[in-house]
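A quick write-up on the structure given underneath.
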Amino acid sequence: MLSRRDILKLSGAGLVAGSIPGLALAKADTDARFVLVILRGAADGLAIAPPFGDGNYAKLRGELAFSPGEINKLDGLFGLHPALADIHDQYRKQQALVVHAVASPYRERSHFDGQDVLENGAAGVGTLRDGWLNRALAPLGGSLGNEVAIAMAQNTPLVLRGANSVTSWAPSALPDAEESTIRRLQDLYADDEFFATRLVQALDAQAIAAADDEMAGMNSRGNEAQQLQTMASATARFLTADDGPRIAVLEAGGWDTHANQGTTAGALANRLEGLDNGLKTLRQELGDSWSKTVVAIVTEFGRTVAVNGTRGTDHGTASAAILVGGAVAGGRVLADWPGLRSSDLYQGRDLQPTSDLRSVFKGVLADHLALSDSWLESAVFPDSSNAAAMRELVRSS
């Protein structure tokens, strides 16, 4: 049986690549790193960044309200959930910021449609069939065998689907392939550039992600928090490889907290702790590359302000987004805060959105990945003239 170390040796020696040299992952044209983390299920922005200083907060949130002493304060109005300890530490180091009362243009409450709009970058459901991040790749020079972006998932999410070639990786619980099997696949694909390239990439990707015995023992089994740490560690390996991608998309599920949401403990606290640990792993394993990195943490929509009858929250509208990374101009909360009076709520129940997520994405793509405003407006986020780019989200180089 071939171990992952063997795969690395075979790939390096050209045994796998055969007569197709140079078809492994190739260095992207940009040295900046961007990681998009999608929290699927509608994460509660009022718990992620509680507005403890709003006079209506405690009354409306009821048993899900945090006291000022339970949270990590960001300023006189907002704090961070106590489970987000490392993100708070990065905030104090001015390497993290929060954008509050933010949403995509979507105003209904379907997970499927909300994620569609979040990822296609359009003004409505189903109007674009590819993803905004895929469209953004065109000026960055990626191609088959030279992908700039990687999906850390079994299936490529919509945000990365489209005309520009991307790659993907996810851990597998299957046993390693035998050397004879790899040789047969190599022969089978020898005359097919696409499949030959993908074979080489799969082997190279596995070698990058699992270059030591400890990582080789990790697979997709285990709880969500463990899986996220596994994916974060692998993401760091890809983004720091000399011939690796520079953009990655991660997904984390389980944010649909209809029942028993909890505050300092419970289902949501456990999810947030797993997220915080995963991001800490990513930061630590990126090493020096952290200084060139922006991580955007977003969700499809927020949750209701009031608690429901099962001690949870229902589908809402605006939420909170987080940017963290060594390239982030942090230590700030960006919010045109709408307030939590009944008359201020969207449809009398949700946090009113005052910022557009596309504005956040535009700012990061323009100032971090050096994409032109004209390209962002015409190709990446068409029909978004009402969502001006948020500037100065990242440090000037």
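The values are calculated or read from the model by the stated rules, or taken from the named source; none is laboratory data. Just so we're clear, the structure is a prediction, and the values are computed from it rather than from any experiment. All Cβ positions, even for glycine, are placed from backbone atoms using ideal geometry, and neighbour counts span all protein chains on display.
Just to be sure I understand, how many residues within the range 35-59 are of a type in the set (Phe, Trp, Tyr) and part of a helix (DSSP H, G or I)?
1
Would you point out the residue of the range 346-361, among those that are touching a strand residue (DSSP E or B) at 6+ places or on another chain (Cβ under 9 Å) and assigned to a helix (DSSP H, G or I), that is surrounded by the most Cβ atoms within 10 Å (Cβ to Cβ)?
It comes out as 361.
Just the residues that are buried (at least 24 other Cβ atoms within 10 Å of the Cβ) and either within 18 Å of residue 377 (Cα to Cα) or of a type in the set (Ser, Thr, Tyr) (or both), please, taken from the range 136-159.
Passing the criteria: 136, 137, 159.
Go through the range 244-279 and count every residue that is basic (Lys, Arg) and over 12 Å from residue 225 (Cβ atoms).
1
Could you check how many residues of the range 128-153 are part of a loop (DSSP other than H, G, I, E, B) and either hydrophobic (A, V, I, L, M, F, W, C) or in contact (Cβ under 8 Å) with a residue 40 or more places away in the chain (or both)? Full working, then the answer.
Start the filter on the range 128-153 by keeping residues that are part of a loop (DSSP other than H, G, I, E, B), which leaves 128-131, 137, 141-142, 144-145, 147-148, 152-153.
Now restrict to residues that are either hydrophobic (A, V, I, L, M, F, W, C) or in contact (Cβ under 8 Å) with a residue 40 or more places away in the chain (or both): 128, 137, 141-142, 144-145, 147-148, 152-153.
So the count comes out to 10.
Could you list, in sequence order, all residues of the range 143-163 that are in contact with a Pro (Cβ under 8 Å, 6 or more places away or on another chain) and farther than 18 Å from residue 366 by Cα?
Listed by number, the residues that qualify are 147, 150, 151.
Per-residue answers, yes or no, for (1) under 20 Å from residue 351 (Cα atoms); (2) under 20 Å from the mean Cα position of the chain (by Cα); (3) not assigned by TED's automatic domain parsing to the domain that holds residue 231:
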{"residue": "273", "(1), (2), (3)": "no, yes, no"}
{"residue": "276", "(1), (2), (3)": "no, yes, no"}
{"residue": "290", "(1), (2), (3)": "no, yes, no"}
{"residue": "294", "(1), (2), (3)": "no, yes, no"}
{"residue": "306", "(1), (2), (3)": "yes, no, no"}
{"residue": "319", "(1), (2), (3)": "yes, yes, no"}
